Amino acid sequence: MTFYFGTLLGNLNEIGFYDFFLPFILFTTLTYALFRKIKLFGEGSGLDAVFSMSIGFFIINYSSLGLYLSHLFSVAGIFIALLVAIILITATLGVDLPTYMAEQQGTAIALVVLIAVFVLLEAGLGTFLSNIDEIVIKVIILITVLVAMITVAAKITPPQ
């Protein structure tokens, strides 16, 4: 019996493996890692897993944000693979690219911003923004502000 890998991938696509399951796992993992990092629910609590699964489910099922983000991460994955290939090629040629970028921080920041803008445009940011509801934009802004506030509060150390 011959095994056809293309048939397997096609069958997984038909049952929604790529449209639902993988993005769900991705968003659940990202929110779980964020909750574990900031210790929002304390140490050893199972609430962070429950909340991250709920957030992952709601992002995937009830908003166009999930579809856009799954496409965004696939495009970003391609750029990460290209970056790894570039690092391997430059290392083969005798250039230590990470050290060079650490020494040239302005160039590194400009390159990261350029790649980020290109990834966002390639993933269709303009069409995504025109199709989402007003409430989703407000929720995204609220979450961004909350994450920024938590990040700033975590960096502030109490006086000793």
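Below is a table of values for the structure above.
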{"item": "Phi to ³J(HN,Hα) by Karplus 6.51 cos²θ - 1.76 cosθ + 1.60 over the stretch 17-28, Hz, x for Gly, Pro", "result": "4, 7, 7, 10, 5, 5, x, 4, 5, 4, 5, 5"}
{"item": "Pair T7, V139: separation of 7 Å Cα→Cβ label points (nm)", "result": "4.1"}
{"item": "Full-stretch length increase - Y100, L40 - with 0.36 nm per residue and alpha-carbon distance subtracted", "result": "17.8 nm"}
{"item": "Stretch gain in nm, segment V147-T92, where the contour uses 0.36 nm per residue and the Cα spacing is subtracted", "result": "15.8 nm"}
{"item": "Length released on extending from I80 to A116, taking residue separation times 0.36 nm less the Cα-Cα span", "result": "11.8 nm"}
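Any read-out appearing in this document is the output of simple, stated calculations on the displayed coordinates, not a laboratory observation. Being a predicted model, the structure only gives us computed values, none of them experimental. All Cβ positions, even for glycine, are placed from backbone atoms using ideal geometry, and neighbour counts span all protein chains on display.
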